[in-house]
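Let me begin by presenting the structure, written as structure tokens, before commenting on it.
We did not get these values from a lab; they are worked out from the coordinates using the rules stated. Not measured: the values here are computed from a predicted model. When we count neighbours, we look across all protein chains shown, and the Cβ atoms used for this are built from the backbone with ideal geometry, even at glycine.
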């Protein structure tokens with residue numbers, strides 16, 4: 001996919017410079033995700049955070065075998081626009097159907 005990560009470099013804090021398969025690149029700051037805890041809690045230790053790698057089979061940044069972050073999420077932050085898949089997925093979420101009014105209803 002065009003949003004697969006092909007390279008990543010640690011910058012500082014929880015920021016990474018990433019390059020995607022389509023040639024776009026940018027910087028992502030993962031502090032918000034890490035501070036939220038959950039599966040990312042162990043990455044609060046900067047030494048652990050810096051031990052990321054790219055899984056070439058899936059184009060994701062991962063930490064070990066159990067923590068990764070979706071490349072389309074990184075793409076949206078780094079490039080400033082959602083992937084086509086994200087747009088298609090969300091297109092039906094924000095529409096509502098109006099009820100037809102019948103004679104005599106208010």
Exercise for review: Can you figure out the FRET efficiency of residue 58 with residue 27, using R₀ = 30 Å and their beta-carbon distance, to the nearest 0.05?
Suggested key: 0.90
Point to revise | Listed peptides 15-22, 62-69 by packing density, highest first (mean Cβ within 10 Å) | key: 15-22, 62-69
Review point. Of 34, 54, how do they rank once you tally other Cβ atoms within 10 Å and put the fewest first?
Key: 54, 34
**Study point:** Cα shape, segment 5-79, gyration tensor, a/c 1.5 rule
**Key:** prolate
